[in-house]
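Structure record follows, encoded as structure tokens.
The values are calculated or read from the model by the stated rules, or taken from the named source; none is laboratory data. Computed from a predicted structure; not experimentally measured. Neighbour counts are summed over all protein chains in view; Cβ atoms, including those assigned to glycine, are modelled from backbone coordinates with ideal geometry.
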Amino acid sequence: MYEQLFPTSIWFLAIFAASACTYVIYQYVFSPLASFPGPLAAKFTKVWRAYGMYKGTWHRDIVDLHRKYGPVVRIGPNELSVGDPEAFRQIYRVSKAFPKGASYSVVQGTRPFDLANERNEKIHAAQRRLVARPYSMESTKRFEPQIDVLLDTLLHKLDDFAKSSQIFDLGFWIQLYAFDVIGTVSFSKPFGFISSGTDNAIFERIQKAMDSAAWLMHARWFFNLHQNVIKPIFGNWLALNDRHGYFFQFSKDEVEKRKGKPGKDIAGQLFQAQAAGGQPNDLAITFMMTTNVFAGSDTTAIAMRAIFLNLLHNPQMLKKLRADLQEQCSSSSGSIVNSSEAESSPYLQAVIYEGLRIFPSVAFVLDRDVPPEGMTIIGKYIPGGTVVGTSPWVIHRVQEIWGADADEFRPERWLDEERIGELRRFFFAFGGGTRTCIGRRQYQGAFTITWLEMEKLIAALVMRYDFELADDANITEKCG
Ligand code: HEM
């Protein structure tokens, strides 16, 4: 009888409208996250966050949102961005770590060995134990002579620009250097980018893959639809697939060429471990090398470019850095400063920390799942299963930690002996807890790959050249 009154389509519409209203009322009024402020659309749909990432301005937008809404912002129906220092320390603690959120599974795809994106903490811990040694401080020291060779080649190239006072894109050459360093430490073989002066369009490829990962991490349903339906019929439309396609193949070729040859590079050391104990297998080594190329080159290049840009905007700091380097690095021959001298320049160390604080290379919110027992943030209970996380851009600009000048590039803040311990606790450029970057800075004079390559490059360039920003310099910021 009801069907006679209204056609079936009207019934469908009515049921859809009632369900939508119930969902909206639930999210707005009854959800455990209802009391947290945030943009209206974010309360109802994950599309808001995916679009926010797609735009490429997330790094600035998320800071503005915290300035508008306060220390905790609702950025999805079940997701909170956290800028509260206490909650931050709980989320990224080392013991009983919060596991990575579901957004990482998009980047992991079907890879059984993916250190950066593995969500299971036990599997991650076992995999990290297998591969950690070649990334340690002791191993990294062995790479220094090879990095010196690369630096020497770079300086010869840049000398040509300097001699003719030619305007050039320093950022581009920094990228070439960062990629060649990864080739050298991974396979004892630079990719030849510095010597050829070209990247074979690989930067653009990585950037497109990163851009696409950034929004797809929050549109899993679309990613799965693409992988299972669209791709088999119409072919690949997503640049993210380059991570498992082009970059995996790139690394596989290098790993195959590398196998069976002696050498203390990372691949070589992993093969040695394999010979001794059967693990990691060839596939795991290839996955690790893909991560090196994908996660280790662009990140370091962004950091070094940001440091130079800030120095160029602050010529008095550039001058101070040069003076400090000249004093501390007197025994290094020519411009290539050895790492122990670079480590002893307090101002150089402060400049690097500050560059990574003010412009962290990784800008997205590092999602973690709240464990089943829940947690409390600013006095409010958050149930297990909620996704919480912090972006380095947010925690690095909290005035309660960094002071009223948190938005300014001021390396001197890292020279304050009384405050340095506290500042380092909130230094999040390399992530935190059990999932800190494997190529990161360690404390008390120890360094790993990324710090070594940065301090050597910055010291060499600052000691050898005078720089200034070109009048028509085209500086763009895009975050992926
Ligand atoms: C300035 C340079 C770098 C920055 C800013 C950086 C940043 C980060 C951040 C923020 C994370 C944690 C991501 C998360 O929790 O989701 C991470 C993890 C990681 N990074 Fe880096 N990274 C840098 C250089 C490198 C280099 C040079 C390598 C390799 C040679 C590398 C390899 C990795 C790996 C394998 C992980 C995953 C670690 C794990 O979960 O156990 N990164 N990095």
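Worth pointing out:
- Boolean, P411 is more than 20 Å from the chain's Cα centre (by Cα) and not small (G, A, S): yes
- As a summary of the residue check, E86 satisfies the conditions (1) charged (D, E, K, R); (2) under 18 Å from I377 (Cβ atoms); (3) under 21 Å from the mean Cα position of the chain (by Cα) except for the one numbered (3).
- Output for the stretch 318-348, where each listed residue is within 16 Å of the ligand (Cβ to nearest atom) and either modelled with pLDDT under 95 or surrounded by fewer than 17 Cβ atoms within 10 Å (Cβ to Cβ) (or both): S339, A342
- The stretch 163-173 - residue that is in contact (Cβ under 8 Å) with a residue 40 or more places away in the chain and surrounded by 15 or more Cβ atoms within 10 Å (Cβ to Cβ) and, of those, farthest from the chain's Cα centre (by Cα): L170
- Residue that is farthest from G439 (Cα to Cα) [pool: residues in the stretch 86-120 that are among the charged types (D, E, K, R) and more than 10 Å from the ligand (Cβ to nearest atom)]: E86
- The stretch 195-209, residues that are surrounded by fewer than 23 Cβ atoms within 10 Å (Cβ to Cβ) and at negative phi: S195, S196, T198, D199, I202, F203, E204, R205, Q207, K208
- Candidate set from the stretch 367-376 (those that are surrounded by fewer than 21 Cβ atoms within 10 Å (Cβ to Cβ) and in a strand (DSSP E or B)); member that is nearest to the ligand (Cβ to nearest atom): D369
- Some residue of the stretch 383-406 being away from the ligand (no atom under 14 Å from the Cβ), within 30 Å of P145 (Cα to Cα) and assigned by TED's automatic domain parsing to the domain that holds R133: no
- From the list T476, T448, the lone residue that is of a type in the set (S, T, Y) and either at pLDDT 90 or above or closer than 30 Å to I123 by Cβ (or both) is T448.
- Selection status of E354, of a type outside the set (S, T, Y), over 26 Å from I91 (Cα atoms) and either within 24 Å of the chain's Cα centre (by Cα) or more than 16 Å from the ligand (Cβ to nearest atom) (or both): no
- Pair list, Cβ under 7 Å, 6 or more apart: the stretch 12-37 residue under 30 Å from H66 (Cα atoms) and of a type outside the set (A, V, I, L, M, F, W, C), other residue at pLDDT 95 or above and in a loop (DSSP other than H, G, I, E, B): Q27/P77; Y28/A34; P32/P383; P37/G70
- Candidate set: the stretch 281-308, residues that are in contact with a helix residue (DSSP H, G or I) (Cβ under 6 Å, 6 or more places away or on another chain) and of a type in the set (S, T, N, Q); chosen: the one farthest from P360 (Cα to Cα): T286
- Residue among F430, F364, F409 that alone is assigned to a loop (DSSP other than H, G, I, E, B), in the same structural domain as I182 (by TED's automatic domain parsing), within 16 Å of the ligand (Cβ to nearest atom) and at pLDDT 95 or above: F364
- Among the criteria (1) more than 16 Å from the ligand (Cβ to nearest atom); (2) more than 21 Å from G374 (Cα to Cα); (3) surrounded by fewer than 19 Cβ atoms within 10 Å (Cβ to Cβ), the one A42 does not fulfil is (3).
- When residues of the stretch 174-194 are limited to those that are surrounded by 20 or more Cβ atoms within 10 Å (Cβ to Cβ) and more than 15 Å from the ligand (Cβ to nearest atom), the one nearest to I307 (Cα to Cα): L176
- Members of the stretch 38-52 that are part of a loop (DSSP other than H, G, I, E, B) and among the basic types (K, R): K46
- Every condition in (1) part of a helix (DSSP H, G or I); (2) without any contact (Cβ under 8 Å) to a residue 40 or more places away in the chain is met by D199 except one, and the failing one is (1).
Yes/no per residue for (1) more than 10 Å from the ligand (Cβ to nearest atom); (2) farther than 21 Å from E468 by Cβ; (3) in a helix (DSSP H, G or I):
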| site | (1), (2), (3) |
| --- | --- |
| P262 | yes, yes, no |
| F271 | yes, yes, yes |
| T286 | yes, yes, yes |
| M289 | no, yes, yes |
| A295 | no, yes, yes |
| T299 | no, yes, yes |
| R305 | yes, no, yes |
| N310 | yes, no, yes |
| Q316 | yes, no, yes |
